[in-house]
Amino acid sequence: MARLIYIPVLHGSAEMGSAAEGYKAAFIARFGEEKWRARRLQMDAIWRRIEASIARLGLEAEKMKLYQDSLPICGREEALVGELAAKGSRNHQLLLRLVRGGASLVGTESAALLNEEYRLMGSRDSKAASALLERRDRFIAERIAATLGEEEVGLLFIGALHRVARFLPARIEVEYLQLPERAEDERREGNGE
């Protein structure tokens, strides 16, 4: 049986592309520079917990497939991940480390559906947005089913609004990554160590 470990992620500003600077400026204007720094520290702490939780699973890298929200099937998947990692995306930095350790990166999404999503951004048509999200989820599930073999483990890094698991075939056992309350390094920092 194949396993898929579902890892809900929060997208950071590095993944926002050209909209990142505008988002940061709007956030700071509304909440202040201190809240922005606190938010960044919180995001870093979440990613440390995700990394530690994946390491604790003790998975064989050679049997691991990596699926990423918004990563199109294009033949340039690793280059795209590298670009976002270089811009500071903790999500994509983790993907690169796993690939360098022997895991396989898999293009996960339809470029056409992603383009449709970008065109729909800013629209107030929630019905269209919901229908598109379901189409993306179905596509992702089909992609996983087609590429994840028996005895392999997939890691799906996916935004919290997605519901991919409901479209996967029964041969794929779905698990949800369990995060510790706080990462070990956060406990040490809190204790002044």
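Throughout, read-outs are computed from the coordinates displayed, never taken from laboratory work. Predicted model, so just to flag it, every value in this text is computed and none were measured. Cβ: placed from backbone, ideal geometry, glycine included. Neighbour counts: every protein chain shown.
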Along the charge dipole of the chain, pointing to its positive end and built from +1/-1 on Cβ of Lys, Arg, Asp and Glu, which listed residue (LEU120, VAL106, VAL153) has its Cα farthest out?
LEU120
Farthest positive-ward along the chain dipole, Cα basis, beta-carbon charges - from HIS92, HIS162, ILE144:
HIS162
Using only the alpha carbon atoms of segment 2-190, find the Kirkwood hydrodynamic radius as the inverse mean reciprocal pair distance, in angstroms to one decimal.
17.7
With a cap of 10 neighbouring Cβ atoms within 10 Å, and only residues DSSP puts in a loop, list the trypsin sites (Lys or Arg not before Pro) found in segment 93-125.
ARG124
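Pairs of lysine in segment 2-190 with Cα under 30 Å and at least 8 positions apart or on different chains: total?
On the way: LYS24/LYS35; LYS24/LYS87; LYS24/LYS127; LYS35/LYS87; LYS63/LYS87; LYS65/LYS87.
Lysine pairs satisfying the spacing and distance rule in segment 2-190 number 6.
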List every residue whose amide H lies under 5 Å from the amide H of VAL174, counting only residues 5 or more places away in sequence or on a different chain, with H placed 1.01 Å from N in the peptide plane.
LEU4
Segment LEU113-GLU33, length gained on full extension (0.36 nm per residue, minus Cα span):
25.3 nm
Binned at 10 Å from 0, what are the whole-percent values of the Cα-Cα distance distribution for segment 48-124, short to long?
17, 44, 28, 9, 1
Among the GluC sites (Glu not before Pro) in segment 139-176, which ones are in a DSSP loop with at most 11 other Cβ atoms within 10 Å of the Cβ? Mind listing them?
GLU150, GLU151
Ordered by residue, what ³J(HN,Hα) values in Hz, to whole numbers, does segment 72-77 give under the Karplus form 6.51 cos²θ - 1.76 cosθ + 1.60, where θ = phi - 60° and Gly and Pro are x?
x, 7, 8, x, 10, 4
Tell me, what is the percent relative contact order of the chain, built from C-alpha pairs under 8 Å that lie six or more residues apart?
40
